[in-house]
Amino acid sequence: MMQTDTTAPGVQTWETIGEDLARRENDRRDVMREMRFDTIAVHGIYDAQAALANQGSINEPLFLSPAQHFVESDQMECALAYRMPSWTYTRIANPTVHYLEETLALLETYGSEVRASACGTASGMAAVFMATEPFLSMDDSLPPPNIVASAKCYGGTFMLFSERYGRERGVEIRWVCDPLDPDEWASKVDPGTRFVYGEMPSNPALAVFDIPVIAELAHAAGVPLIVDPTVATPALLRPLAMGADVVVHSLSKSMAGSGLAIGGALIARHDIPSRIGADGLHADFATHVKLLPFRDHGPAMSPFNALMTLADVRTVRSRIDAWSRGAMTVASFLETHPRVETVRYPGLASFPGYGIARRDLWLADGDERGNPVNRYGPLLSFDVRGGDQAARAVFDRLELILRATDLGRIKSVATIPAISTHQQQGEAGRELGGVPSNQIRLSIGGEDPTDLIADLERALA
């Protein structure tokens, strides 16, 4: 937050001013916590008073300057000692990014008593790294570190864990092959485990797991549960309210559905369990990350990308509602097609995790009448009968649906994960993660499902 007072009151008074600024912002959070989901998404903590302080701008301003000017040395000293709110330097914080972070923290805790903070990052993988790396610090009082994670995860996450942490740093990676089996999770957690990690639903297998059960298991061992709900967004799933401790997002996907920005975020509840770390890590993990390891690693989010993402977040609920309905229509069509072996979509009764998906995936605030309604997200995958060459043939004949490695966009896109997003993890890794060579991942956007089905029909014929 930028200070505009032109007096020179000394360090102690700057601390007092900082306390007042923090108190006012917290009061604004409390006001917004009483609002409905869409209202929070539209306004965040940027209110009329903030607008008047920014030349009356009704939109959050874009701060492209990399550094903050200070009134005098005492304010600079106080700010860089983290004894008052400031943004100082965009590698540490930025006002535009801050508005996005506050909105995300409110959305991820919507409808609950959970208090959380957020840290915006340059990409989704930067968010995964910053949410996990601090728990791998050296501690001679503990056994060698290990990670317990679902093998049904994004290829970049698989490579970060297996290569960067496992092969390069000697951290043992314990993959859970069946995330629906709590006993498998439990069998892999021991005194060396530093955190438990899962995607819900996963990319591209759409796998789900029982968040409350696995959270309880992790907490019994004194470690945090980290969940990646990128595919669902907080419009459908809010893991922090279900017992998870940290949430990571690739904001590049459904949250920023226009496809104009790259970004990520970690959002963490306050007072999380951990076997390592100072008090600040436990009390407010996201702020601890931002002010210390994030500051030193430097994966800062572009303020311009933050503003683009904010513009998209305002409509995330209505977009995910429409895209989910389109995905359900397309998945139902593919399930009955003779050239399709398997369809993975949490909304299908044939899906292995359908019971958990139906229990946990709900559109925030329900339908247009306020009635509770399940929605299952915009992502699905299907296996083409005839093997990998048949899948390539279908993929290459798509015309309306774009061929790209992206997902969660207003334009529908498809990819073959085995040769794209999950290529580098190798055949054994893909088998572990449930990524067959004849699988096509399909992200449904804003087009009419009738036109998408016609395109798929042509490609499959």
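Under the condition of being surrounded by fewer than 16 Cβ atoms within 10 Å (Cβ to Cβ) and among the acidic types (Asp, Glu), the residues counted in the stretch 26-61 number 4. When the stretch 155-199 is filtered for residues that are under 18 Å from residue 242 (Cα atoms) and either outside the structural domain of residue 127 (by TED's automatic domain parsing) or touching a strand residue (DSSP E or B) at 6+ places or on another chain (Cβ under 6 Å) (or both), the ones remaining, listed by number, are 179, 185, 195, 196, 197, 198, 199. Within the stretch 159-182, if we keep just the residues that are part of a helix (DSSP H, G or I) and touching a Phe, Trp or Tyr at 6+ places or on another chain (Cβ under 9 Å), the residue that is surrounded by the fewest Cβ atoms within 10 Å (Cβ to Cβ) turns out to be 164.
Is there a residue in the stretch 447-457 that is at positive phi and assigned by TED's automatic domain parsing to the domain that holds residue 320? Checked against the condition, which is being at positive phi and assigned by TED's automatic domain parsing to the domain that holds residue 320, the stretch 447-457 yields no hits at all. Of the helices (runs of 4 or more DSSP H) lying entirely inside the stretch 346-461, those carrying at least 3 residues that are touching a residue at least 12 places away in the same chain (Cβ under 8 Å) and aliphatic (A, V, I, L, M) are 388-396, 449-460. Of the numbered criteria (1) modelled with pLDDT of 95 or more; (2) closer than 25 Å to residue 266 by Cβ; (3) assigned to a helix (DSSP H, G or I); (4) not hydroxyl-bearing (Ser, Thr, Tyr), the one residue 280 fails is (1).
How many of the residues in the stretch 352-361 are in contact with a Leu (Cβ under 7 Å, 6 or more places away or on another chain) and either buried (at least 20 other Cβ atoms within 10 Å of the Cβ) or within 27 Å of residue 410 (Cβ to Cβ) (or both)?
3
Within the stretch 316-332, the set of residues being farther than 15 Å from residue 446 by Cβ and either charged (D, E, K, R) or surrounded by 17 or more Cβ atoms within 10 Å (Cβ to Cβ) (or both) comprises 331 only. What about residue 10, is it touching a residue at least 24 places away in the same chain (Cβ under 8 Å), outside the structural domain of residue 284 (by TED's automatic domain parsing), surrounded by fewer than 16 Cβ atoms within 10 Å (Cβ to Cβ) and small (Gly, Ala, Ser)? So residue 10 passes the test.
Restricting 458, 392, 403, 375 to those that are of a type in the set (Lys, Arg), in contact with a strand residue (DSSP E or B) (Cβ under 8 Å, 6 or more places away or on another chain) and more than 28 Å from residue 211 (Cβ to Cβ) reduces the list to 403.
Looking only at residues of the stretch 241-256 that are within 17 Å of residue 101 (Cβ to Cβ) and not in a loop (DSSP other than H, G, I, E, B), we find that the one that is farthest from the chain's Cα centre (by Cα) is 256. Residue 147: over 26 Å from residue 406 (Cα atoms), in contact with a helix residue (DSSP H, G or I) (Cβ under 7 Å, 6 or more places away or on another chain) and modelled with pLDDT of 95 or more, yes or no? Criteria met by residue 147.
For the stretch 324-345, a residue qualifies if it is over 13 Å from residue 206 (Cα atoms) and in a strand (DSSP E or B), and the qualifying residues are 340, 341.
Can you confirm whether the stretch 263-271 contains a residue that is surrounded by fewer than 24 Cβ atoms within 10 Å (Cβ to Cβ), touching a residue at least 60 places away in the same chain (Cβ under 8 Å) and under 30 Å from residue 89 (Cα atoms)? Taking every residue of the stretch 263-271 in turn, at least one turns out to be surrounded by fewer than 24 Cβ atoms within 10 Å (Cβ to Cβ), touching a residue at least 60 places away in the same chain (Cβ under 8 Å) and under 30 Å from residue 89 (Cα atoms). If the condition is being crowded, with 23+ Cβ neighbours inside 10 Å and either of a type in the set (A, V, I, L, M) or not assigned by TED's automatic domain parsing to the domain that holds residue 96 (or both), then the stretch 301-315 contributes 301, 306, 310, 313. Within the stretch 272-288, the set of residues being in contact with a Leu (Cβ under 7 Å, 6 or more places away or on another chain) and crowded, with 21+ Cβ neighbours inside 10 Å comprises 286, 288.
Consider the stretch 362-397 and keep the residues that are more than 15 Å from residue 233 (Cα to Cα) and among the aromatic types (Phe, Trp, Tyr). The one that is surrounded by the most Cβ atoms within 10 Å (Cβ to Cβ) is 382.
Scan 96, 103 and give me the residue that is in contact with a Leu (Cβ under 6 Å, 6 or more places away or on another chain), in the same structural domain as residue 123 (by TED's automatic domain parsing) and of a type outside the set (Asp, Glu).
The match here is 96.
If you check 41, 50 for being of a type in the set (A, V, I, L, M, F, W, C), in a helix (DSSP H, G or I) and closer than 30 Å to residue 243 by Cβ, only one passes: 41.
The values are calculated or read from the model by the stated rules, or taken from the named source; none is laboratory data. This is a predicted model, so every value here is computed, not measured. Using ideal geometry, Cβ is built from the backbone for each residue, glycine included, and neighbour counts are taken over all protein chains shown.
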